[in-house]
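Okay, so here's the structure we're looking at.
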Amino acid sequence: MRVVEAIADVREAVAAARRRGERIGCVPTMGTVHAGHLSLVTECQRQSGFVVVSIFVNPTQFAPHEDLGTYPRSLEEDLAKCRAAGVDLVFTPNVPTIYPDGFETFITVERISQMLEGEHRPTHFRGVATVVAKLFNIVQPDVACFGQKDYQQQALIRRMVRDLDIPVEIMVCPTVREEDGLALSSRNTYLNTEERQAALSLCESLQLADQHVRDGETDLAKIRAVMRGHLESHADVEPEYATIADADTLKELNEPRPPMVALVAAKVGKTRLIDNLVIGEE
Ligand code: PAF
């Protein structure tokens with residue numbers, strides 16, 4: 001496994017793989033590699049012969065008051081996990097490599113950026129779209145893998161790729177969960193024991209939504225209230241949103257119209273977590 005920091009080195013390694021006739025796969029990450037990321041690597045290996053993982057804590061997707069400074073970083077462990085997983089190339093650029101002096105071009109995916117996460121993190125998706133587009137330009141992958149855990153992110157990236165004719169296939173892989181249901185997230189490392197327990201309320205509220213839809217409840221406002229109520233019943237949990245939306249457009253629904261996705265975001269202690277579940281499916 002090669003580890004490179006320079007764009008020219010990525011291009012050279014990718015060009016060599018192409019000359020060998022390999023399809024190129026890409027897994028963008030911000031590091032703190034966990035089983036969720038490794039499941040993306042495995043899927044990427046199924047889809048391509050040469051897998052590039054990027055590890056870059058992207059400053060432009062953090063607002064000034066967010067956790068950029070304290071975001072968990074564990075490069076040596078990350079590299080060991082990537083090596084063990086059989087990754088071919090890890091790209092670990094520094095900030096000036098991605099955002100050189102004078103950088104002023106950003107991508108905004110208009111509608112999807114504004115709702116849900118966008119209401120609480122107005123500049124977040126502009127940073128995500130911009131860095132992912134840059135990574136696609138640098139690596140020029142045939143396929144890129146993202147987790148369903150960041151549901152709105154994958155919807156935004158799929159929209160951007162379609163709108164800008166970026167020649168990459170986007171694969172979305174299922175959320176990886178702990179045995180008790182907690183969705184894996186690098187931010188779970190912030191949680192203390194009580195918060196870790198309270199954080200289960202996010203996936204529980206999604207399961208409640210699924211159960212109510214399966215039981216035939218058609219008033220989705222009522223189900224949203226149940227989801228929020230469940231989150232609020234935990235002292236450490238402060239919900240930001242709890243909703244049911246069209247799985248493609250992410251527009252909030254008032255009556256069941258599959259495919260639907262339930263989405264939640266909440267602060268657990270000081271840690272902001274998100275989760276989602278496609279609901280009401282056979
Ligand atoms: O999902 C993430 O880890 C990040 O948002 C991504 C896609 C790597 C862009 O920085």
Local charge sum around THR108 (other residues, Cβ-Cβ under 13 Å, Lys/Arg +1, Asp/Glu -1)?
+1
Computed [θ] at 222 nm, helices only, for the chain once each DSSP H run of length n ≥ 4 contributes -39500 (n - 2.57):
-12000 deg cm²/dmol
Among LYS270, LYS81, LYS134, which one shows the highest mean-square fluctuation when the chain is modelled as a Gaussian network with alpha-carbon springs under 10 Å?
LYS270
Simple label model, 7 Å out from Cα along Cβ direction - ASP165 to ARG20, nm:
3.2 nm
Cα-only Debye scattering, the chain: base-10 log of I(q)/I(0) at q = 0.08, 0.13 Å⁻¹:
-0.34, -0.90
I need the shape label for the stretch 1-102. Rule: rounded when a/c is under 1.5, else prolate if a/b > b/c, else oblate, with a, b, c from the alpha carbon gyration tensor.
oblate
Figure the gain on full extension for ALA63 and LYS267 (residue separation times 0.36 nm, minus the Cα-Cα span) and round it to one decimal in nm.
71.8 nm
Grab the other residues whose beta carbon is less than 11 angstrom from that of PRO93, score K and R as +1, D and E as -1, and report the net.
-1
Straight-line reach check, LYS222, cutoff 14 Å on alpha carbons, 8 or more apart in-chain or any other chain, hits among aspartates and glutamates -> ASP210, GLU252, GLU255
Cα pair distances in the stretch 55-159, grouped into 10 Å bins until the bin that holds the longest one, percent each:
12, 41, 38, 8
Computed FRET value (nearest 0.05) for ARG83 with ASP180, which takes r as the C-beta separation and R₀ as 35 Å:
0.75
Between PHE103 and GLU281, what is the label-point separation in nm under the 7 Å Cα-to-beta-carbon projection?
3.5 nm
Mind giving me the nanometre distance, one decimal, between the label points for SER233 and THR249, set 7 Å out from Cα along Cα→Cβ?
3.3 nm
Among PHE62, PHE91, rank each residue by its count of other Cβ atoms within 10 Å, from fewest to most, as a rough exposure measure.
PHE62, PHE91
Find how much the distance from ARG158 to GLU110 grows on full extension, using 0.36 nm per residue of separation minus their present alpha carbon separation; answer in nm with one decimal.
16.0 nm
Explain nothing, just compute: Karplus ³J(HN,Hα) = 6.51 cos²θ - 1.76 cosθ + 1.60, θ = phi - 60°, for every residue of the stretch 210-224 in order, whole Hz, x for Gly and Pro.
4, 5, 4, 5, 4, 6, x, 5, 10, 8, 6, 5, 5, 5, 4
Going by how many other Cβ atoms sit within 10 Å of their own, how do GLU282, GLU43 line up, fewest first?
GLU282, GLU43
With the dipole of the chain worked out from charges on the C-beta (+1 for Lys and Arg, -1 for Asp and Glu) around the Cα centre, which of PRO141, GLY36, PHE62 lies farthest toward the positive end?
PRO141
Potential extension, THR92-GLN211 segment - 0.36 nm per residue separation minus Cα distance:
38.6 nm
Shape verdict for the stretch 136-282, please, from the Cα gyration tensor: rounded (a/c under 1.5), prolate (a/b greater than b/c) or oblate.
oblate
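We did not get these values from a lab; they are worked out from the coordinates using the rules stated. Treat the numbers as computed from the prediction; the structure is a model and nothing was measured. All Cβ positions, glycine included, derive from the backbone under ideal geometry; neighbour counts span all protein chains shown.
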